[in-house]
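Readers should treat all values here as calculations from the given coordinates under stated rules, not as data from a laboratory. Treat the numbers as computed from the prediction; the structure is a model and nothing was measured. As a convention, Cβ positions derive from the backbone with ideal geometry for all residues, glycine included, and neighbour counts pool all protein chains shown.
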Amino acid sequence: MINNAGIAVSGPLMHLPIDELKHQFDVNIFGTMAVTQAFLPLLGAQKPCPFSPGKILNISSVSGKIAFPFIGAYAASKHALEALSHSLRRELAIYGIDVVIIGPGSVVTPIWDKDSAQNVAENYSQTDWKSILVKFQKMIVEQGKNGLDVNKLAANIFSVFEKKRNKLRYTFVSHIFPEWILPRYILSEKMLDRFTQLLFRQ
């Protein structure tokens, strides 16, 4: 089973409506867990089991490990998904069911042309973040349109699905150093704070 369904709610957390934050978790966390619980018996979560156990791939994100400004709701949901995945894998070990985390970066899809990607700054135009959000929106959309090819990502996920033995987590990005190694392993959290402040300096 591949849990790929998800949404991305964006905006400054100071002004983000709580209903939108709840909706983020309803889809990315509660929806994922509801589907997983429904299908677990078909994946072999039963004793005795008449067939070989299955495998669960949970599609997280680079944001499951790195939280950038204005996507706090999305990052929080992906951090939560990663925690659930680790706990679920350790629980399902009694059935031989593996749980693998896939953490892609930005992927080239039509989502970057949708209103949800284009109207972040407009939605919060009356806040102190207006000019910063314009920069953020432009940067995120540009990064998305130059992200990982969707067919390449699908092929990578399929190869993980076919393997008998998997790592606990896979990261797939278009540019490994700036998108993953630098913010994840080289820059400290304080340094990442300074970097984002410089990036959005007015």
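Descriptive notes on the structure:
- Relative to the longest principal axis of the Cα atoms of the chain, the long axis of helix 189-199 makes an angle of roughly 40 degrees.
- Dividing the summed -39500 (n - 2.57) terms of all DSSP H runs of n ≥ 4 by the residue count of the chain sets its mean residue ellipticity at 222 nm at -13500 deg cm²/dmol.
- Qualifying trypsin sites (Lys or Arg not before Pro) in the stretch 100-202, DSSP loop, other Cβ atoms within 10 Å at most 13: Lys114, Lys163, Lys164, Arg165, Lys167, Arg201
- Cβ crowding within 10 Å averaged over residues, with 92-101, 13-22 ranked highest first: 92-101, 13-22
- Segment Phe51-Asp128, extension gain: residue separation times 0.36 nm, minus the distance between their alpha carbons: 21.9 nm
- Full extension of the chain between Ser188 and Arg201 yields a length gain of 2.7 nm, computed as 0.36 nm times the residue separation minus the alpha carbon distance.
- Option label - semi-axes √(5λ) of the Cα gyration tensor in Å computed here, alternatives (1) 36, 18, 14; (2) 33, 19, 15; (3) 28, 21, 14: (2)
- The charge dipole of the chain, taken about its Cα centre with unit charges on the Cβ atoms of Lys, Arg (+1), Asp and Glu (-1) only, comes to about 720 debye.
- Think of the chain as a dipole: +1 on every Lys or Arg Cβ, -1 on every Asp or Glu Cβ, centred on the Cα centre; then among Leu43, Asn3, Gln197, Leu43 lies furthest on the positive end.
- Distance from the alpha carbon centroid of the stretch 169-202 to that of the stretch 93-132 works out to 16 angstrom.
- Distance (nanometres) between label positions extended 7 Å along Cα→Cβ at Lys152 and Phe39: 2.7 nm
- Nitroxide proxy distance, nm - points 7 Å out along Cα→Cβ at Glu162 and Phe30: 3.9 nm
- Degrees separating the helix 32-43 axis from the principal Cα axis of the chain, which is the longest one: 20 degrees
- The chain: relative contact order in percent, alpha carbon pairs under 8 Å with at least 6 residues between: 21 percent
- Farthest towards the positive end of the charge dipole of the stretch 136-202, among the residues Pro183, Leu168, Phe136, is the Cα of Leu168, using unit charges on the Cβ of Lys, Arg, Asp and Glu.
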